[in-house]
Amino acid sequence: MKLGEPVKVVAVFDKGLKPAKFKWRGRVYGIKDITYTWASRDGSAKILHFSVSDGSSLYELAYNQSTLKWSLEEVLP
Amino acid sequence: MTPVIMHVDMNAFFASVEQQANTSLRGKPIAVIGSAQRTVVTTASYEARKFGVKTGMNKAEAKRACPPLIFVIGDNRKYMDTSVCMLEILKSFSPKVEAYSIDEAFVDITGCSSAFGPPSVIAASVKARIRAEIGSLLTCSVGIAPNKLLAKLASDMKKPDGLVIIGEEDVPSLLEGLPVGELWGIGPRLTAQLNAMGIATCGELGRAPASILRERFGIIGERLKDMGQGIYGSVVVPIGQEEEAKSVGHSMTLPADVADRAAIRKYILKLSEMVGARAREHNLKGRKVCLTVRYPDFYTFSRQKTLAEPTNDTRAIYAWVLGILEAIRLRTAVRLLGVSISDMVKSSLQIPLFEEDRARERLLSAMDAVNRSFGGSTITWATLLEEDPWEERSGVISPSWRPEGVKRVNVK
């Protein structure tokens, strides 16, 4: 399910940026595993993408380094 | 010093990236496809390959071969970034890294042994770092040999996760019975032509008289003889030092066959804009414009026109290509369209004589600046706003993709 919805994220800066948990539609999801990370560009903005799992579903979080905003891009069951 | 060339070939690259990112896909037969309706398999996982799923199959063929197959729509951004990460790892071993395609690279590791150990240790280090820094499921096959031809042959000899080293002393015995079609650059057509001449193996190719090969194949005849002997002169061309682009082009397989000329014109405008923007980005202009058309039966032809002045102006490219289109009597609907410019020259800094031309240059420059800052087609032609033919489409990335530069890239 493609979303692109804004989310609140608690992240750790330790040898790079690592999301730890996020709040989406009022519910907090703890991140158990970051399965993949990659970067892309939207014009001059660099976007960091994180495939993360809470143990039951897979989510794609994106962090826009220009706007400093997080979004939930996709949810996979 | 004998050159030491390493060829690194990522195994089932797109599929491995998807299996790395999505744990539920691991160990399962998956096929990465484009998002267009008429897409094909770009990469199959090794689990799917066991069922006979191959690159280029359409979805129905792939599903017939492997009923439990899972289709995954590819994400080119993910693969491009992963490719860049892979190249960065290789660059930490040698500055001479050539990005051959999105999932293959040549590295000249001649003289690197004092810093990193013998070639086999360098190969093991590359494999370990790719697994540690990109993903544990990302494996690669590595071939090491005295030249690119043999290094590529070596990496193809053991997949997945292989390491094959070909020393100079191994070359004659290895090539003697090897079918010519196994060599990089000798495709099915050339293989058939060589076989018809009674040349089936590399050993036979290496012994064939140069005069006969030259007579049959022209200037590449002698090169073929050398290849049959494992001799290959082409060196590793580091990223950023590639030859200037010979053409800039884009092509697209349309979502459905199109006969309506107005719709065709819209696709041509979009392709012209993509070509013009990329040529302007790299300060290049082309003296020739070319339109490529493919019919549903895959009959493909191109028509080109030589211009009085080289151009990278979207509207000029569009107008000339439309002129070519108007001169063609299309016999059926169209499956694929392509636009390219060639016979390239560097843009001069000369200011156009007429105000109208100067205004047009300023307009394009402003459009390009906005699109560079805000991405994609933030500003585009009004004709394309109603329904962007590229919207919601993830094209199949071309094998010729490079991390930088202006090499020809086709979006199919």
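Key figures for this structure:
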{"item": "³J(HN,Hα), Karplus 6.51/-1.76/1.60, whole Hz, each residue of segment B:246-257, x for Gly, Pro", "result": "8, 7, 10, x, 9, 9, 8, 7, 6, x, 9, 4"}
{"item": "Mean Cα-pair separation over length for segment B:21-139, i.e. relative contact order, pairs under 8 Å, 6 or more apart, %", "result": "16 percent"}
{"item": "Chymotrypsin sites (Phe, Trp or Tyr not before Pro) restricted to segment B:219-313 and DSSP loop, no more than 12 other C-beta within 10 Å", "result": "B:PHE298, B:TYR299"}
{"item": "Charge dipole (debye, nearest 20) of segment B:183-248; +1 at Cβ of Lys and Arg, -1 at Cβ of Asp and Glu", "result": "280 debye"}
{"item": "Those residues of segment A:8-41 for which accessible area with every protein chain present is at least 40 Å² below the isolated value (1.4 Å probe)", "result": "A:THR35, A:TYR36, A:TRP38"}
{"item": "Unit charges on C-beta of K, R, D, E only; dipole of chain A, Debye", "result": "240 debye"}
{"item": "Computed [θ] at 222 nm, helices only, for the protein assembly as shown once each DSSP H run of length n ≥ 4 contributes -39500 (n - 2.57)", "result": "-9500 deg cm²/dmol"}
{"item": "Of A:LYS69/B:LYS28; B:LYS54/B:LYS152; B:LYS54/B:LYS158; A:LYS15/B:LYS28, pairs whose Cα-Cα distance is over 24 Å", "result": "A:LYS69/B:LYS28; A:LYS15/B:LYS28"}
{"item": "Mean separation of Cα contacts under 8 Å, 6 or more apart, over the residue count of chain B: relative contact order %", "result": "16 percent"}
{"item": "Segment B:1-119: antiparallel DSSP beta bridges as a percent of all, rounded to 5", "result": "75 percent"}
{"item": "Degrees separating the helix B:355-374 axis from the principal Cα axis of chain B, which is the longest one", "result": "50 degrees"}
{"item": "Among B:LEU363, B:SER173, B:PRO3 - extreme Cα towards positive end, dipole of chain B, charges at beta-carbon", "result": "B:LEU363"}
{"item": "Between segment B:318-376 and segment B:125-140, the Cα center-to-center distance that results, in Å", "result": "42 Å"}
{"item": "Nearby lysines by direct alpha-carbon distance to B:LYS266 (threshold 17 angstrom, same-chain neighbours under 8 apart not counted)", "result": "B:LYS412"}
{"item": "Cα gyration tensor shape of the protein assembly as shown, rounded if a/c is under 1.5, else prolate or oblate by comparing a/b with b/c", "result": "oblate"}
{"item": "Reachable aspartates and glutamates, given that their alpha-carbon falls under 15 Å from the alpha-carbon of B:LYS159 and they are not under 8 places away in the same chain", "result": "B:ASP9, B:GLU47, B:ASP103, B:GLU104, B:GLU182"}
{"item": "Pairwise centroid distance, computed over Cα atoms, of segment B:174-215 with segment A:23-57, Å", "result": "52 Å"}
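The values are calculated or read from the model by the stated rules, or taken from the named source; none is laboratory data. Bear in mind the structure is a predicted one, so any value in this text is a computation, not a measurement. Please note: Cβ atoms are built from the backbone with ideal geometry, for glycine as well, and neighbour counts cover all protein chains shown. The protein model used for the area step is the full one, side chains on, heavy atoms only, and it has no ligands, DNA or RNA in it. Shrake-Rupley method; radii C 1.70, N 1.55, O 1.52, S 1.80 Å.
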